[in-house]
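Asks: Starting off with a structure, shown below.
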Amino acid sequence: MKLSLQIATRFLRSTLVQTIIIILGIGIGVSVQIFIGSLITGLQKSLIETTIGNSSQITISTEADSGLIADYKPLLTQVASDDSRIEFVGPALDNAAFLSFDGKSQSLLVRGFEQGSADHIYNLSDYITEGSFPAAENEVLLGKTLQEKYGFKVGDHFELIAPDKSTSTCVISGFFDLKVAAVNNSWCVTSLSNAQSIFGTGDKISSIEMQLYDDQVFAADEVMANITTALKNDSLHLTNWKIQNESLLSGLQGQSISSLMIQVFVMISVVLGIASILAITVMQKSRQIGILKAMGIKNGKASLIFLFEGVILGVFGAIVGIALGLGLAFAFSTFALNADGTPVVALYIDQNFIALSGCIAVLACMVASLIPARRSSKLNPIDIIRNN
Amino acid sequence: MENILELRHINKIYGTTIKTQVLTDINTSFKKGSFSSIIGQSGSGKSTLLNIMGTLDTPTSGEVLINGIDTAKFSKGRLAEIRNKNIGFVFQFHYLLPEFTALENVLMPYRIGNSAITPEVRQRAIELMQLVGLEKVINNNATQMSGGQQQRTAIARALLNNPDIILADEPTGNLDSNSTETIYNLLRDINERFGTTFIIITHDRRIAEKADRIIEIADGQINMDIYK
């Protein structure tokens, strides 16, 4: 074994330029894998984060009882314990209403939820541009579109008209920008207790909202199935982000598949390239193999030489590839920036993925070296000696 | 003295569609410790015969016996072992590994058959290099030596495992007359010192006459077999 390894090392060193070119070839293949893999994963993560990172990923509502769920507190506890992938569960009460100010009016969606939901589901604190989350009675948060439309300031009052024509005076505690124009124009966020008293629902809610842990987001359908089975309540209706965002989902899946295909084909071309170059090196070293066999080296040991060449090239190629790939990623994050300083390309560097890419490179090189290894075992010393 | 090598009814035919009979019914044997030469014209079949003797090639029919045992019984792996431990080859072209130094080349036969070099083996390799007059270049790369030096290294290499037989195919074919003389004297010296059997192919009659026995091959058959 040691002899085969030493011969492999010496063979590779003796054709140093060729060896470096092969290593660079493998390195480029690995770096493409790493870069594209990190890019696609990063894009997906940021896309998901933007689309459903700040909203309810599984929602429980009801058609019965005019759409209100009474006695919801035990439900909240039960759901939270049903599946360990759920990060947060919170109640919400949604109602349509009218805003009336200075002779003008428009429809609003009044969203009532607790501070917990505000923090863990909506990450509202990141989007509040002025003021703070409603604390006192009748305090509400409005979107910045409404702020601009009506010239509101923090502390201003306006009339809120409920469907039953009852009126409440609301105080603006702050403004938010949730980056979606429709939301900024229609949401009126307040505390759950405030919503319940404005609309006279009593201690009832219209939906239970939840968020899963970041890495479990794609399991939303499984988690929903678990909860449905555990709840055993036909009057409750469950939905999840996958159902609500079918086109996003198929887009993401399409992205994943095409990224995977690119990576696979890059690897295949690297393997083919290496196999053909190593096959040539067998011919280049046929004299040496011939004399080694004449001296009594067995076919197995002779083939091992080329397998070792494959492993050595794979290891060095993987190292170069990982360095190149990470370097590319770093350059993109540092130099390709948007106007606001955020990177144009979202990258997600996963250590496991990088390690896997490295291992695949080494394995691919070993596979590539099987052909030349087999060729060398067929080399007859007599042919080489006769032909010289 | 017993026969170290015996050939019985050796025939060698090349080709499938167009057949060429290179060796016809060769019968001969060699005693242990003998120094024989094989001469013949180009294409007479002498290299083929040597390669068959050394198990590098197999006869179309006939038996090759080394130390009385028929080599046809052996597997490829076993034949490789025999080549490694019992036979040393010296070819017209030295076939040193250019990626290794002279000393590493000399040590190669031992490393092929075993795992690690012992200090004794290393010492033996150095002594063999001294024997062939190359103690000053043991750490030179194989490519940094003259033709004569490379051929002498190849001879030292052939001797490392203390083989029973050395088969040499025109070992001085590429060398000048002075080097040729030196090498032949060296081979005779080794034969006398270690009792190694030598079978040497040469086209040069003057060199052949230094041997104890001359076998002439013509048209694939033994034409002449003289003991001096």
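Bear in mind these aren't lab numbers, they're just calculated from the coordinates by the rules spelled out. Here the structure is a predicted model, which means the values were calculated and not measured. FYI the Cβ positions are ideal-geometry reconstructions off the backbone, even for glycines, and counts take in every protein chain you see.
Asks: Quick one: dipole size for chain B, taken about the Cα centre, charges +1 on Lys/Arg Cβ and -1 on Asp/Glu Cβ, in debye to the nearest 20.
Replies: Once rounded to the nearest 20, the dipole reads 320 debye.
Asks: Using the 10 angstrom Cβ neighbour count as an exposure proxy, how do A:Cys359, A:Cys365 rank, fewest first?
Replies: In increasing order of surrounding Cβ atoms, one gets A:Cys359, A:Cys365.
Asks: Which whole-number value in Å³ per residue fits the convex hull of the alpha carbons of region B:3-227?
Replies: Convex hull volume per residue, Cα atoms: 129 Å³.
Asks: Summing +1 for each Lys or Arg and -1 for each Asp or Glu, what net charge is found among the other residues whose Cβ lies under 10 Å from the Cβ of B:Ile39?
Replies: Result for the local shell: -1.
Asks: On to the next question. Take the Cβ-Cβ distance between B:Lys76 and A:Ala64 as r, set R0 to 60 Å, and report the resulting FRET efficiency rounded to the nearest 0.05.
Replies: 0.10
Asks: Let's see if you can work this out: charge +1 on each Lys and Arg Cβ, -1 on each Asp and Glu Cβ, no other charges. What is the dipole magnitude of the protein assembly as shown about its Cα centre, in debye to the nearest 20?
Replies: 4240 debye
Asks: Could you derive backbone 3J(HN,Hα) for region B:89-100 from the dihedral phi with the Karplus parameters 6.51, -1.76 and 1.60 (θ = phi - 60°), listing whole Hz in sequence and x where the residue is Gly or Pro?
Replies: 10, 10, 9, 5, 9, 5, 6, 6, 7, x, 7, 10
Asks: Something else: Please name whichever of A:Trp187, A:Gly155, A:Val110 sits farthest to the positive end of the charge dipole of region A:64-234, dipole taken about the Cα centre and charges placed at Cβ: Lys and Arg +1, Asp and Glu -1.
Replies: A:Gly155
Asks: Additional query: Efficiency by 1/(1 + (r/R0)^6): what FRET value for A:Ala162 and A:Thr50, r their Cβ-Cβ distance, R0 = 35 Å, to the nearest 0.05?
Replies: Efficiency, rounded to the nearest 0.05: 0.60.
Asks: Out of all DSSP beta bridges in chain B, what portion is antiparallel? Express it as a percent rounded to 5.
Replies: So the antiparallel bridges amount to about 55 percent of the total.
Asks: Okay, next question. Based solely on its DSSP helices, what 222 nm [θ] is calculated for chain B when runs of n ≥ 4 H residues each add -39,500 (n - 2.57) and the sum is averaged over all residues, nearest 500 deg cm²/dmol?
Replies: It comes out at -10500 deg cm²/dmol, rounded to the nearest 500.
Asks: Looking at the protein assembly as shown, what % of its DSSP beta bridges pair antiparallel, to the nearest 5?
Replies: Here the antiparallel bridges make up roughly 70 percent for the protein assembly as shown.
Asks: Per DSSP helix of 4 or more residues, -39500 (n - 2.57); summed, then divided by the residues of chain A. What does that give at 222 nm, rounded to the nearest 500?
Replies: Rounded to the nearest 500, it is -18500 deg cm²/dmol.
Asks: A follow-up question, please. Take every DSSP beta bridge whose two residues both sit in region A:64-234, then give the antiparallel share in percent to the nearest 5.
Replies: Rounded to the nearest five, the antiparallel share is 80 percent.
Asks: Find out how many positive minus negative residues lie around A:Ser193, taking Lys and Arg as positive, Asp and Glu as negative, among other residues whose Cβ is under 14 Å from that of A:Ser193.
Replies: It works out to a net charge of -1.
Asks: For chain A, return all DSSP H helices satisfying: extent of Cα atoms along own axis at least 20 Å; mean Kyte-Doolittle hydropathy at least 0.5.
Replies: Helices passing the filter in chain A: A:16-52, A:246-284, A:299-335, A:351-368.
Asks: Which angle between 0 and 90 degrees, to the nearest 10, do you get for helix B:119-131 versus the longest principal axis of chain B when only C-alpha atoms count?
Replies: Value to nearest ten degrees: 80.
Asks: Given the protein assembly as shown, what whole percent of its Cα pairs are spread farther than 37 Å?
Replies: So the pairs more than 37 Å apart make up 59 percent of the total in the protein assembly as shown.
Asks: Just flag the trypsin sites (Lys or Arg not before Pro) in region A:127-183 sitting in loop per DSSP whose Cβ has no more than 13 other Cβ atoms within 10 Å.
Replies: In loop regions of region A:127-183 (DSSP not H, G, I, E or B), the sparsely surrounded trypsin sites (Lys or Arg not before Pro) are A:Lys153, A:Lys165, A:Lys179.
Asks: In the neighborhood of A:Gly296, defined by Cβ-to-Cβ distances under 9 Å, what is the net charge if each Lys or Arg adds +1 and each Asp or Glu adds -1?
Replies: Combined, the nearby Lys, Arg, Asp and Glu give +3.
Asks: Oh, and also: Nearest 10 degrees, 0 to 90: what angle lies between the long axis of helix B:147-159 and the longest principal axis of chain B (Cα atoms)?
Replies: Approximately 80 degrees, to the nearest ten.
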